[in-house]
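Beneath this line is the structure, given in structure tokens, with notes to follow.
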Amino acid sequence: MSATGLWVIGTVADEELRQLLRAAAEAGPPAPPAPGVAAELEWWRGVAGESLFGDPAAGDGIAGEDAYRLCRFFDSCRDGSDAVEDFREAVMDRFRPEDKEGLFAAAARKANPFWALAYALGPDATLRLPGWFGDFLLDSRQVRARLPDAEEALTLTGARRREVVERIHAWMTGLGDDPDHDADALLDGPLRVLRHAARTGQGVAGHTYWH
């Protein structure tokens with residue numbers, strides 16, 4: 001059975017966030033960043049303008065070795081320790097499924113939706129998004145402070161948006177098993193939640209994981 005990658009973003013009240021952060025602090029510090037992140041980030045900047053896949057129009061959408069290297073880099077940026085995974089679960093337990101404006105979820109078989117988005121946007125736009133490669137925790141003040149950067153990274157039109165959508169589909173086809181993934185939702189859904197949180201004075205959390 002193959003894995004499914006997920007990226008979930010939801011609103012959380014500030015008081016709930018404070019309680020969760022106090023509990024996390026008692027559990028100990030997070031794992032240090034993996035070695036070599038800075039060097040790999042520079043490598044990614046060097047290949048960001050290239051396609052890491054064959055030409056789907058020619059029946060060749062196969063991922064090249066650089067695509068797998070980028071996967072390894074993204075994976076190295078994620079803290080998968082038991083304490084952090086438990087914290088992610090505790091945060092997601094606070095999400096309210098009935099709040100349609102305040103919840104976004106993307107899933108893809110064999111592919112991580114955030115990784116597809118990051119590949120499509122490139123490193124500089126990706127680093128303008130909240131948190132660290134899809135994982136973030138913002139209180140209401142931080143939401144308002146970070147929203148302009150997220151809007152700059154994700155509010156795309158015309159040729160730039162078409163390019164990003166095509167690159168998302170290339171990732172979902174070459175590395176995943178979801179060629180018809182809703183690429184527009186990966187751009188619009190996170191902004192919808194962040195804007196809703198800003199309007200309603202709530203915090204926001206985002207997490208990536210495999211199921």
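The values are calculated or read from the model by the stated rules, or taken from the named source; none is laboratory data. Just so you know, these numbers come straight off a predicted model, no measurement behind them. Reconstructed Cβ throughout: ideal geometry from the backbone, glycine too, with neighbour counts over all protein chains shown. Accessible surface is based on the protein model in full, side chains and every heavy atom, while ligands, DNA and RNA are left aside. Shrake-Rupley method; radii C 1.70, N 1.55, O 1.52, S 1.80 Å.
Observations, loosely collected:
- Exposure ranking of H211, H196 by accessible area [1.4 Å probe, largest first]: H211, H196
- Scattering curve values for the stretch 141-211, log₁₀ I(q)/I(0), Debye with Cα scatterers, q = 0.15, 0.17, 0.18 Å⁻¹: -0.61, -0.74, -0.81
- Estimated [θ] at 222 nm from DSSP helical runs (n ≥ 4, -39500 (n - 2.57)) normalised by residues in the chain, nearest 500: -16500 deg cm²/dmol
- Placing a label point 7 Å from the Cα of Q19 along the Cα-to-Cβ direction, the residues of the stretch 92-120 whose backbone N falls under 17 Å of that point are 92-97.
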